[in-house]
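The values are calculated or read from the model by the stated rules, or taken from the named source; none is laboratory data. Bear in mind that the values here come from a model prediction, so they are computed numbers and not experimental data. As a convention, Cβ positions derive from the backbone with ideal geometry for all residues, glycine included, and neighbour counts pool all protein chains shown. When the accessible area is computed, the model is the full protein with side chains, heavy atoms only, and any ligands, DNA or RNA have been set aside. Shrake-Rupley method; radii C 1.70, N 1.55, O 1.52, S 1.80 Å.
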Amino acid sequence: MSKTIFTNGIIYTLDENHPIVETVVVEDGKIIDLGSHHDMALQWGRYHSTTIDLNGKMVTPGLIDSHLHLSGIAFHFLDLDLTGVTSKSKMLDRIKERANTTAPGQWLVGMGWDENLFEDGAIPTIDELDHVAPHCPIYLKRICHHAFLVNSKALEMSGYQPGNPVPKGGTIVLDPITNKPTGMLLESASMLITDHIPEKTYEELKSGLKAAMGFAVKKGLTGAHTNDPAYLGGLEQTYSLYDELINKEQIGLRCNLLIDFSFLKRMKETGLVTGFGSEKLQIGAVKLFADGAFGRRTALLSEPYHDQPGQYGEAIKTTEELYEMVKEVRGAGMPVAIHTIGDQALENVLDILDQFPSVNYRDRLVHTSMIRTELLPRLAVPNRIADIQPRFVVSDYPWVLERIGLKREQDLYAWKTLLSSGVLCAGGSDAPVEPLDPLLGIHAAVTRKFPGKTDKGWNEKEKLGMLEALKLFTIGGAQATNEEKIKGTLSRGKLADMTVFSNNLIAMKDPDELLQTKIEMTIINGKIQ
């Protein structure tokens, strides 16, 4: 088997036994040796090998995004992308432009709008949506995927009538004067609409997913933990799509598939359970939801929202229901990945998890956006990990302080506190909620400010060092799926996954240099992608 020698680099292995090396030797997709250029050339140069000159660039273990939705990225390639739109009028123009090429009765689906970016903060009304697209039904997901906009045609085609039952945990927002729909749906109320939107064909989904995976690799990612079955046609079809792309078409991105609880029965029936698969493609934890998000005040808090006294948020499931769901997952010997943004949601989940023995894989607390000090020891245990999204801190400030108040800011996005308390943490983007770009995640972790801003960042004491931030997206990503023995550091015997940067992140004097840093190479299984 021929060998590949990656040399002349500044290679940060994140392995304390050999923190920085110049050369990595790869055979059959794994690292067989590493060290100085001189020693590796002497040891391996006489064998039949290929040499790759890294040209003095910085190299790290391959970056891993521990929480995203590749299906959502795929739909950005297939549907109307409203990400980054900066005003209501521009959003309406984009919708009108798309509607002009959409046949009567055909669904116009889009995503990514965020009123916090709008100049006036105003959200389009149902009348405005009707005006720009009177002939076709509209369904537009907010960037957080917890709020949705529809027009009258969408309500009509979904059979909506005043007084219709709304799925538990959902809300159809009504005008307080007319008592008619405003066009805004919250949480599970979206099911009233989505049940009537024709599903995309298998080939359409495959095409979009292939583009999304390629995009991830270009951003330096060698691995992704992705939650998709609800959007890709169910458990078996989701696995089939990834299996074709990864195992048959040899798309390099390694994927760990988080599976929604609603598919648990099929997981047990088909054998597609946690751990099934290979180091390329594997079934991961079972995904559940404990609460919503700060934006719509649906994240579950222990004290009322500062800007809406009496409102504590919403539990997606009662504690009794959530207990039974975790019990069923545990009965199948699998871990859970539970969406917990508010501190009360986290406490409720920890109360439940404490009642069950651990399994062979870590339980994942997804987001862990708000945590009170007394909860830290219960999270800082070997069988649990916090899936954090550093970009949330820059996207949610300053408006999130209106929600929770200054008194509780210390509990919000407290990444440094989590790490110093011994909590295992993995870094992700939650793309497409946030950009699929780990460099932006690292920038947010070390600056806690929006790119281009000159302030000192929000709650400075929670800033991470560059090495700490890198570990979130490398070692942390491996720990989240209990794969730290095969990835996360560059060590002998581990997978030859590496990311090569145009700049040396560790040597940066100004972390804003991250914003000009490019990905030079993404290496997966010892092959440049």
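Listing for the model above:
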quantity: Residues of the stretch 479-499 that turn out to be surrounded by fewer than 24 Cβ atoms within 10 Å (Cβ to Cβ) and either more than 23 Å from residue 423 (Cβ to Cβ) or touching a residue at least 60 places away in the same chain (Cβ under 8 Å) (or both), as a count; calculated: 9
quantity: Close pairs (8 angstrom Cβ cut-off, 6 or more residues apart or separate chains): within 21 Å of residue 185 (Cβ to Cβ) in the stretch 279-300, hydroxyl-bearing (Ser, Thr, Tyr) and open to solvent by less than 10 Å² (accessible area, probe 1.4 Å) anywhere; calculated: 290/340; 291/298; 291/340; 292/298; 294/369; 297/305; 299/369
quantity: Subset of the stretch 22-49 that is β-branched (Val, Ile, Thr) and in contact (Cβ under 8 Å) with a residue 40 or more places away in the chain - its residue that is surrounded by the most Cβ atoms within 10 Å (Cβ to Cβ); calculated: 24
quantity: In the stretch 208-231, the residues that are touching a helix residue (DSSP H, G or I) at 6+ places or on another chain (Cβ under 8 Å), free of Cβ contacts under 8 Å to residues at least 40 places away in the same chain and open to solvent by 10 Å² or more (accessible area, probe 1.4 Å); calculated: 230
quantity: So residue 345, is it in contact (Cβ under 8 Å) with a residue 24 or more places away in the chain and touching an Asp or Glu at 6+ places or on another chain (Cβ under 8 Å); calculated: yes
quantity: The stretch 299-324 - residue that is under 21 Å from residue 413 (Cβ atoms) and of a type in the set (D, E, K, R) and, of those, most open to solvent (accessible area, probe 1.4 Å); calculated: 303
quantity: Residue 440 under 22 Å from residue 85 (Cβ atoms), of a type outside the set (Phe, Trp, Tyr), at pLDDT 95 or above and open to solvent by 30 Å² or more (accessible area, probe 1.4 Å); calculated: yes
quantity: Condition broken by residue 445, with the remaining ones in (1) among the small types (Gly, Ala, Ser); (2) assigned to a loop (DSSP other than H, G, I, E, B); (3) farther than 30 Å from residue 276 by Cβ satisfied; calculated: (2)
quantity: So residue 276, is it over 19 Å from the mean Cα position of the chain (by Cα), open to solvent by 50 Å² or more (accessible area, probe 1.4 Å) and farther than 21 Å from residue 375 by Cβ; calculated: yes
quantity: The listed residue being among the polar types (S, T, N, Q), open to solvent by 50 Å² or more (accessible area, probe 1.4 Å) and in contact with a helix residue (DSSP H, G or I) (Cβ under 8 Å, 6 or more places away or on another chain), out of 55, 8; calculated: 8
quantity: Pairs where the first residue, in the stretch 62-73, is under 14 Å from residue 222 (Cβ atoms) and the second is assigned to a strand (DSSP E or B) and of a type in the set (Asp, Glu), C-beta under 8 Å, 6+ apart; calculated: 66/387
quantity: Test: residue in the stretch 449-466 that is surrounded by fewer than 16 Cβ atoms within 10 Å (Cβ to Cβ) and closer than 28 Å to residue 284 by Cβ; calculated: no
quantity: In the stretch 45-70, residue nearest to the chain's Cα centre (by Cα) [restricted to those that are assigned to a loop (DSSP other than H, G, I, E, B) and closer than 30 Å to residue 111 by Cα]; calculated: 69
quantity: For residue 296: the one exception among (1) part of a loop (DSSP other than H, G, I, E, B); (2) modelled with pLDDT of 95 or more; (3) surrounded by fewer than 22 Cβ atoms within 10 Å (Cβ to Cβ); calculated: (2)
quantity: Residue in the stretch 502-517 that is within 24 Å of the chain's Cα centre (by Cα), under 30 Å from residue 274 (Cα atoms) and buried (at least 21 other Cβ atoms within 10 Å of the Cβ) present; calculated: no
quantity: Matching residues, the stretch 467-507, being of a type in the set (Gly, Ala, Ser) and part of a loop (DSSP other than H, G, I, E, B); calculated: 488, 491, 493, 496, 502, 507
quantity: Residue 65 being at pLDDT 95 or above and within 30 Å of residue 140 (Cα to Cα); calculated: yes
